[in-house]
Structure formats: C-alpha cells, structure tokens
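Novice: Here's a structure for you.
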Amino acid sequence: MAGENRGASDMSHYGESHSERLARKARDAPFMVAGLAGLVGLVGYGIYGFRNKQIKTSLYLIQLRVAAQGFVVVCLTAGVGYNLYNRFVAPKFSSGSIEDKKE
C-alpha cells in the first residue's frame, strides 16, 4: 500500500501541534506565509466589496478571481526567484576561499 512506505522524514514531525507545523513550514517556505496573508486579505476584500458593491456581481467576482490569480503568480515567481538566488548566487558571495571549500 502507498501509506505503508513512509520514510523517516515523514515520521520526524509526528506529534507536533498545528502552530509548530505552521512555524516549521514558514521557515522552510517563507512565501507560504505571504500566500496565506494574501488569501486572508483577498477574502476580506471580497467580503467587504461584495457587501458594498457598486458593480454587477458577476463582474465583481471575475475581477476578484483575476486579482487572486495574479497574487498567486506573483508569489510563485518571487518564491522561484528567492530559491534560485539562494541556490546559485548566494554561494558565490559566501565567505571562505576556494581552497577551504575543497577540503
């Protein structure tokens, strides 16, 4: 079965609370926090705008969906850029000489 082949990494976080899990995931992927904050912001804006709407409901929902998709694309692009920077650019500027790295 698929559930029986769990690695050691799957079991290392067994028993942690939801807040500990969120904190760990925020350290591992900092743009997840930005995504969750954007989600909360867009939902709040959507509720506020829906109650005080000046335009047709269908047009408002389309605009809200486009804004949400745009935010997701921006977060994904920023996350990929951040990971590429950490993987390729940051090691070139780290301290230590080439001889130290060979040992």
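The values are calculated or read from the model by the stated rules, or taken from the named source; none is laboratory data. Keep in mind it's a predicted model, so treat the numbers as computed, not measured. Because the Cβ atoms are built from the backbone with ideal geometry, glycine has one as well, and the counts that use them run over all protein chains shown. All accessible areas refer to the heavy atoms of the entire protein, side chains included, with ligands and DNA or RNA removed. Shrake-Rupley method; radii C 1.70, N 1.55, O 1.52, S 1.80 Å.
Novice: Rounded to the nearest 0.05, what FRET efficiency is calculated for Ser19 and Tyr45 with R0 set to 41 Å and r the Cβ-Cβ distance?
Specialist: Values: r = 26 Å, r/R0 = 0.64.
Efficiency, rounded to the nearest 0.05: 0.95.
Novice: Express the accessible area of segment 12-79 per residue in Å², computed with a 1.4 Å probe while the remaining protein chains stay in the model.
Specialist: Working: 5300 Å² over 68 residues.
Spelled out: the 1.4 Å probe surface of segment 12-79, per residue, equals 78 Å².
Novice: Let me know the Kirkwood hydrodynamic radius for segment 30-99, please, with Cα pairs as the basis and the value in Å to one decimal. If you can, show how the numbers build up before the last one.
Specialist: Values: mean 1/r = 0.0680 Å⁻¹.
Evaluated on segment 30-99, it is 14.7 Å.
Novice: Further question on the same structure: Just to be sure I understand the model, the point goes 7 Å from the Cα along the line to the Cβ. What's the resulting Val33 to Gln69 distance in nm?
Specialist: Using points 7 Å along Cα→Cβ, the separation is 3.0 nm.
Novice: In whole percent, and with a 1.4 Å probe on the protein chains, what portion of the accessible area of segment 20-85 is carbon and sulfur?
Specialist: Carbon and sulfur atoms account for 70 percent of the accessible area of segment 20-85.
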